[in-house]
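All of the numbers you see were taken from the coordinates with simple rules; none came from a lab. Bear in mind the structure is a predicted one, so any value in this text is a computation, not a measurement. A quick note on method: Cβ atoms are made from the backbone with ideal geometry, for glycine too, and the neighbour counts reach across all protein chains shown.
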Amino acid sequence: MIRQYYKEPYQREAEVQVTRIDGNKVFFDSTIFYPEGGGQPGDRGTFNGIEILDTQKDGDDVAHIFKSSDGIKTGDTGILILDWGHRYSFMKRHSAQHLLSSVFFKTLGIGTLAVHLADEHVTIELDRKDVSPEDLFTVESVANELVRKGLIIEQKDLLRGDAEELHMRRSIKVDDEVVKVVFIEDQDAVACGGVHVSNTREIGEISFYSTELIRGHLRTIWKVDDEAVRTRRGNLTAVCEISELLSSPHDEIVPSLKARLDELERLRREVRGLSSRIARMEASSIAGDCSVYMTDLPLEEFRDVLVSNERKDVLIIRDGEKKEFLYIGSEEHFTVLKKLLSLKGGGRNSLFQGSYSQRGDVFCSLAEEVINGFKR
Ligand SMILES: [Zn+2]
C-alpha cells in the first residue's frame, strides 16, 4: 500500500485499485487520503463519486470508511478525490501548531504537553499554569513574523539514532526504526506523522483567541487563517455594536460598561428597598375579612407583617412569571387547600408557601371559595 499523502501531500486526485473490502471499510493499493493520527483528523472525499466519510489506520493499512461499500468490488479501479478544503485547512492548522509550539519553546522555554486540531481552532496545552497576556501576544507576533518569512516546511524520514541526535523539543513517541521528522527550516524539528503545508506563508494568519485551565495546565486556543480573519471581524463587529449601544468610543467601552453595571446594581438595590416598603404597606392595609390577596410584589415581605397582625386563613398570591403563594393558617386548613387546589409546597408554624398552576383569576376565586368555607 503506497502512502501517497506523504509523497505528494498536495495531490487531490488519484487512480487506485480496490485490494480488499471489510464491511463499510475499503482498502486500496495506494491512497492520497490521510488516516486520522497525531491530532489530525482523517480525510474525506469520494471514490468514483461515492462518499468517503472518514479515513482510519487499520493495522498497517489505511481503511476508507464508507456509509456502505455496496456497489464496490475487490479489483475495481477508479478515482479517489480528496475533500481538499477540509484537508488543506488541517494542514495549515497542523503546521501553525508546530510553529506556535516551537515559538513557545524557543522564545519562552515553555513546552507543549498536548495539542488538538479542531474544526475551528487549535489548542496547545502548555507545561505551565499561567502565562502572561504579554507573553501570549509575543508568541503570536513572533509566529506571524515566521509565517510572513516564508520558512520551508519539510518532512524527512530519519533513522531513529539520527532523529535522537537532533535533541528535539519533544521526545519521539513511536517505536519505529525510521522516524518521520517535520522541519521548519532551523526554527523547529519534531517527530510527526501528520501532513503539513510546505511553506509557513500558506498558514496565512495566526491569532491568539483564549485560554482555559485544564488539570493544572494552561490550555491556549488559537485561530488560524480564515478562522483568524473571521474571528477578528466578528470581534470588531461586536465592539462596534457595544460601542454604539453605550455611545462610547471603542477604547472606552470597558470603563463605560463597568459604570453602567455599577449603576444597574445601585438601581436594583433601590428597587428592592422600595418594593419591600410598598409590600409592607400593602400587607398592613389588607382588610380583615379578605381571604385571598393578589400582588406583584415579593411575597416574603408580606410574611412578617401578616404574622405580627395575627392574621389567619389568608392566602397571598403572586401571579407573575412564577405562580407563587403564601398561606397563613392552620396545617389542617392548608392540607385541605393543597389537595383541592393541587398546590405544590409546604411549611410549618402556620406559614406555608409554594406554587400553583391555574390561571391567576381562576385560582383566586377557587381559593376564596375554599377559605370562606373554613370561616363558616
Ligand atoms: Zn505534528
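Points to keep in mind about this one:
- Gap separating the Cα centres of the range 61-139 and the range 252-311, nearest whole Å: 56
- Max mean-square fluctuation residue, GNM over the chain, Cα-Cα springs under 10 Å, options Leu113, Leu264, Leu218: Leu264
- Helix 331-341 and the long axis of the chain differ in direction by around 60°, with both axes built from C-alpha atoms.
- With the simple model of a label 7 Å out from the Cα in the direction of the Cβ, Glu331 to Ser247 spans 6.0 nm.
- The angle separating the long axis of helix 253-285 from the principal Cα axis of greatest extent in the chain is about 20 degrees.
- Candidate lysines - alpha carbon under 22 Å from Lys339, same-chain residues fewer than 8 apart omitted: Lys312, Lys322, Lys323, Lys375
- Each other residue within a Cβ distance under 12 Å of Ser291 adds +1 if Lys or Arg and -1 if Asp or Glu, for a net charge of 0.
- Charge sum, other residues only, whose C-beta stays under 11 Å from Ser30's C-beta, Lys/Arg counted +1 and Asp/Glu -1: -1
- Extension gain, Asp60 back to Ser284 (0.36 nm per residue minus Cα-Cα distance, nm): 72.2 nm
- Between Arg12 and Glu185, the C-beta separation translates, for a Förster distance of 35 Å, into a calculated FRET efficiency of about 0.85.
- Taking 0.36 nm per residue of separation and subtracting the current Cα-Cα distance, fully stretching the chain between Glu51 and Leu267 would add 71.8 nm.
- Taken along the Cα-to-beta-carbon direction at a fixed 7 Å, the label points for Lys173 and Asp22 span 2.4 nm.
- Set Lys92/Lys180; Lys129/Lys223; Lys25/Lys156; Lys129/Lys173 screened for pairs whose C-alpha atoms are more than 26 Å apart: Lys25/Lys156
- Label point distance in nm, Thr138-Glu300, each placed 7 Å from Cα along Cα→Cβ: 5.1
- Of the residues Gln97, Gln358, Gln155, the one that moves most in a GNM of the chain with alpha-carbon contacts below 10 Å is Gln358.
- 0 to 90° range, to nearest 10: angle between helix 226-246 axis and the chain longest Cα axis: 30
- Computing FRET efficiency as 1/(1 + (r/R0)^6) for Lys73 and Glu36, where r is the C-beta to C-beta distance and R0 is 41 Å, gives about 0.95.
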